[in-house]
Amino acid sequence: MKQQILIFTSFQLLTGEKRLPIDPDFQKNRKVVDKHNDHDVWGPVEPPKKLGIHGTKVAVDWDVCTGDGVCIDVCPVALFEWADAKGHPISEKKSDPARESECIQCLACETSCPTQAIKIAT
């Protein structure tokens with residue numbers, strides 16, 4: 001986990017760009033602009049730098065996600081899959097809530113994410 005925090009902090013130091021956690025009110029502040037693996041993608045989306053928030057019930061902000069895979073490891077129902085994000089400045093792999101409808105709202109992924117990129121709708 002320290003390594004992932006170091007990567008995230010190094011990105012901020014190198015680019016001067018501060019990454020905030022996922023917006024808990026993203027459904028009010030953003031619009032659905034696309035679909036991916038049967039879930040909504042909330043904009044803005046401007047590949048490869050801005051990839052938006054993937055999912056609604058299980059939302060992952062791909063612009064905050066460092067691709068460390070903690071959510072994949074801790075999810076008891078295996079709803080996440082790896083997805084390619086070629087050219088994204090933080091990570092070229094992202095956690096995708098491919099089976100978000102199977103979420104049991106245990107919050108393991110949300111509480112384990114070191115960059116707070118995940119929000120579970122309760």
*Between residues in the stretch 41-65 that are closer than 8 Å to Ala117 by Cα and modelled with pLDDT of 95 or more and residues that are outside any strand (DSSP E or B) and of a type in the set (D, E, K, R), which pairs lie under 6 Å by C-beta distance while being six or more apart or on different chains?*
Val64/Arg19
*What single numbered condition from (1) under 20 Å from Asp38 (Cα atoms); (2) out of contact with any strand residue (DSSP E or B) (no Cβ under 8 Å at 6 or more places or on another chain); (3) polar (S, T, N, Q) fails to hold for Thr66?*
(1)
*Go through the stretch 99-122 and count every residue that is more than 13 Å from the chain's Cα centre (by Cα), at positive phi and of a type in the set (S, T, N, Q).*
1
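The values are calculated or read from the model by the stated rules, or taken from the named source; none is laboratory data. The structure displayed is predicted, hence computed values, not measured ones. All Cβ positions, even for glycine, are placed from backbone atoms using ideal geometry, and neighbour counts span all protein chains on display.
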